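Since the structure comes first, as structure tokens, the remarks are kept for the end.
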Amino acid sequence: MISAEAFARQLAGQRLRERIFKGATFAAAVLVLLLLGGVTVSLLHGAWPAFSRFRLGFVTQDVWNPVTDRYGALAAIYGTLVTSALAMIFALPISFGIAVFLTELAPPWLKRPVGIAIELLAAIPSIIFGIWGLFVLAPVLQESVEPWIDSHLGKLPFVGALFQGAPYGIGLLTAGIVLAIMVIPFISAVMRDVFETVPDVLKESGYGLGATTWEVIWKVVVPYSRAGMIGGTMLGLGRALGETMAVTFVIGNAHQISASLLAPGTTISAVIANEFTEATTPLYTSSLIALGVLLFIITFAVIAAARLMLLRLGRRAFGSA
Amino acid sequence: MSRRGYRKLVNLLALALSALATAIGLIFLGAILWTLVKDGIAGLSAAVFTQITPPPGSTSGGLLNAIYGSAIMTLLGILIGAPIGILAGTYLAEYGRKSALSAVIRFVNDVLLSAPSIIVGLFVYELVVVPMGNFSAISGAIALAIIAMPVIVRTTEDMLSLVPQGMKDASTAMGAYPWRTITSIAYPAARSGMVTGLLLAVARISGETAPLLFTALNNQFWSTSLKAPMANLPVVIFQFALSPYENWQRLAWTGALLITAAILVLSIVARTVLSKLGPGARSR
């Protein structure tokens, strides 16, 4: 039996600890919020000299000349958008195929190991994709794939210009392929998770009417999971837009806008990674941070849209990649 | 061809293509791992773990300072990121489960989870490197902590949400304050899931290159000072792989093998820990 006084003391101690613990969890949660605000403010602060100097010209001009201290981001923006678009063109059908295979086709004993293998691909650091792309993929493309593209697709009317040019091995196309390999695991993981939420009853009704497996997938599973598929795809796109190391190795780092996909180019993140520690003037550094602001705006819009779509499904279980 | 035969053909074709897509994914994984093993093992020797990175043109040298730097900065990153991440995840799952503020924080955390890591590097450059006046190991660790945090927030919240409400209610009925219920009931019940989250966060940050490029930079010498630039495996791989020196390139591949092996082992261990929780608990 403890005295009333000791009990009151103990209770007060408990209350104090409760306040401290609750306060600490709250502070940490708010810190997450502040982090995003802090990133925005500090980047804008760093980018201010460049933005106020070049104004809209920063995004509409493609001069990038450290010697004359003039900077325009158009070439980098172009490269970022083109490589990401290429990546999505390659990655989407393959990711869809993998998700279909894992949910509808694979026998149970194959499902788990293949699923894990694809997820491991997602765990490999981006710099590994970069050196692999440069030393293994680029030579293959240079020696066999790109010459074929140039001599066959290059002759097509209208779109031929996209596929003409000397086979460097590195360039927009190579970066697009490497990015595709990197985002495939993310997109296919989300798609698989959404496909698994389709109620069996719906699929069985399809089969009951005599539909083939493919017809059930295309006419029941896909319409049911459309929002999740789009969300997953945009998550992959967000990743492709901001990816740095893998692209830096294989893009060629040339500040130019070329019609051909075989030509070297550059992306926003590759420019920052390559030039930041070499930036000699304050305006140069500021311009690189301004590039960061552009990247932040683009990826934020894409990721936020993707998250909202996945959120609306009411399932937070997937897409945490 | 009959209508039925046509439908069967389409079905067969579509399923064959999906199997092909899976094969393509697996072939890329296989090709990357094969190259890493083939080129990485060629440079693997005791010197890799006992000597520091060589000057250009040298034929010897290892990766000791880079391995040390990566280990230290990853460890520090987790030590900074884990407490904040776990506390924030606890708030989202317990105290503020249904509040509007939590919904916003959850959303912001999800955005941070997928934000480009090079942006984090720029942020820490502005926040730490500029005021300090030089590149430093501690700024690298802070950058890694910021990348690890959202992963930990997310897994902590998910895992705490899986703890049966009845268990927590039982504790509350005994007169325990929420902090007592959380630390003595919820945390132990969610432990393996939370550990998985930490392991995945370690795996995620130990291969990060972009945020270290202008925070920790690199250091070709042996340095243990947190206020000075510090060597680390990803940036060394970046510099050495693009160099014209054969010896440097060989070391880059060896470093790549080491880092990938470490990350794959971590991921597999994390999955094994998690699989003990049973289905439904998956969260990457």
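Has the range B:132-139 got any residue that is over 22 Å from the mean Cα position of the chain (by Cα), surrounded by fewer than 24 Cβ atoms within 10 Å (Cβ to Cβ) and without any contact (Cβ under 8 Å) to a residue 40 or more places away in the chain? Yes, that holds for at least one residue.
Evaluate the range B:126-137: report whether one residue or more is under 25 Å from residue B:225 (Cβ atoms), facing chain A (nearest Cβ under 9 Å), at pLDDT 95 or above and in a helix (DSSP H, G or I). Checked the range B:126-137: no residue is under 25 Å from residue B:225 (Cβ atoms), facing chain A (nearest Cβ under 9 Å), at pLDDT 95 or above and in a helix (DSSP H, G or I). Looking only at the range A:57-72, decide whether some residue is buried (at least 22 other Cβ atoms within 10 Å of the Cβ), in a helix (DSSP H, G or I), touching a residue at least 60 places away in the same chain (Cβ under 8 Å) and out of contact with any strand residue (DSSP E or B) (no Cβ under 9 Å at 6 or more places or on another chain). No, because not a single residue in the range A:57-72 is buried (at least 22 other Cβ atoms within 10 Å of the Cβ), in a helix (DSSP H, G or I), touching a residue at least 60 places away in the same chain (Cβ under 8 Å) and out of contact with any strand residue (DSSP E or B) (no Cβ under 9 Å at 6 or more places or on another chain). Scanning the range B:147-192 for residues that are assigned to a helix (DSSP H, G or I) and free of Cβ contacts under 8 Å to residues at least 40 places away in the same chain yields a count of 19. Modelled with pLDDT of 90 or more, within 13 Å of another protein chain (Cβ to nearest Cβ), closer than 30 Å to residue A:207 by Cβ and open to solvent by 60 Å² or more (accessible area, probe 1.4 Å): does that describe residue B:3? No. Among the residues of the range B:93-123, the one identified as touching a residue at least 60 places away in the same chain (Cβ under 8 Å), open to solvent by less than 40 Å² (accessible area, probe 1.4 Å) and either more than 9 Å from chain A (Cβ to nearest Cβ) or over 21 Å from the mean Cα position of the chain (by Cα) (or both) is B:93.
Answer with yes or no whether residue B:253 is among the aromatic types (Phe, Trp, Tyr) and either surrounded by 23 or more Cβ atoms within 10 Å (Cβ to Cβ) or touching a Ser or Thr at 6+ places or on another chain (Cβ under 8 Å) (or both). Answer is yes for this residue. Do the conditions hold for residue A:83, that is, is it of a type outside the set (A, V, I, L, M) and either surrounded by fewer than 23 Cβ atoms within 10 Å (Cβ to Cβ) or outside any helix (DSSP H, G or I) (or both)? No.
When restricted to residues that are within 30 Å of residue A:76 (Cβ to Cβ), more than 11 Å from chain B (Cβ to nearest Cβ) and loosely packed, with under 15 Cβ neighbours inside 10 Å, the range A:1-56 contains 4. Residue count for the range A:119-134 under the criterion of being closer than 21 Å to residue A:193 by Cβ and surrounded by 24 or more Cβ atoms within 10 Å (Cβ to Cβ): the result is 1. The set of residues from the range B:219-239 being without any contact (Cβ under 8 Å) to a residue 60 or more places away in the chain and open to solvent by 10 Å² or more (accessible area, probe 1.4 Å) comprises B:238, B:239.
Under the condition of being open to solvent by 20 Å² or more (accessible area, probe 1.4 Å) and part of a helix (DSSP H, G or I), the residues counted in the range B:38-69 number 11.
The values are calculated or read from the model by the stated rules, or taken from the named source; none is laboratory data. What you see is a predicted model, and the numbers here were worked out from it, not measured in a lab. Ideal geometry is used to build each Cβ from the backbone, glycine not excepted, and the neighbour counts take in all protein chains shown. Quick note on the areas: whole protein, heavy atoms, side chains included, nothing else; ligands and nucleic acids left out. Shrake-Rupley method; radii C 1.70, N 1.55, O 1.52, S 1.80 Å.
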